[in-house]
Amino acid sequence: MASKITAYGDKIVAKKIELDTKTASGFLLPDSAKEEAKVAEVVAVGPEVKEVKKGDKVFYTNYSSPVKVDGTEYVYMKEEDVYFKVG
């Protein structure tokens, strides 16, 4: 059973998104060539968050903190740690 996640204040909780490891021409990228992307889908927002909504895909700073809940890896951050929405 998945846990319900609730964010408080100006905090955002998001699930990390694994980006495609294949180039547009079909080549697979080795782990050494990949850079960790800071893209995640928002799963919870606190009541003080104004610009980001649940379901948004966001690009975030290195100041976010990883956390694992029921085997799923999430990141939590302040709204100010979101650079922009994706898509």
>> Only counting other Cβ atoms within 10 Å, I'd like Ile17, Ile5 sorted with the fewest neighbours first.
In response: Ile17, Ile5
>> Using a 10 Å cut-off around each Cβ, can you sort Val69, Val52 from fewest to most neighbouring Cβ atoms?
In response: Val69, Val52
> Roughly what would the spin-label model give for Lys50 and Lys15, points 7 Å off Cα along C-beta, in nm?
Replying inline: 3.0
> What distance in nm separates the simple spin-label points at Tyr63 and Glu41, each placed 7 Å from Cα in the Cβ direction?
Replying inline: 2.7
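None of the figures in this text is laboratory data; all of them are computed from the coordinates on show. What you are looking at is a predicted structure, and each value in this text was computed from that prediction instead of being measured. Please note: Cβ atoms are built from the backbone with ideal geometry, for glycine as well, and neighbour counts cover all protein chains shown.
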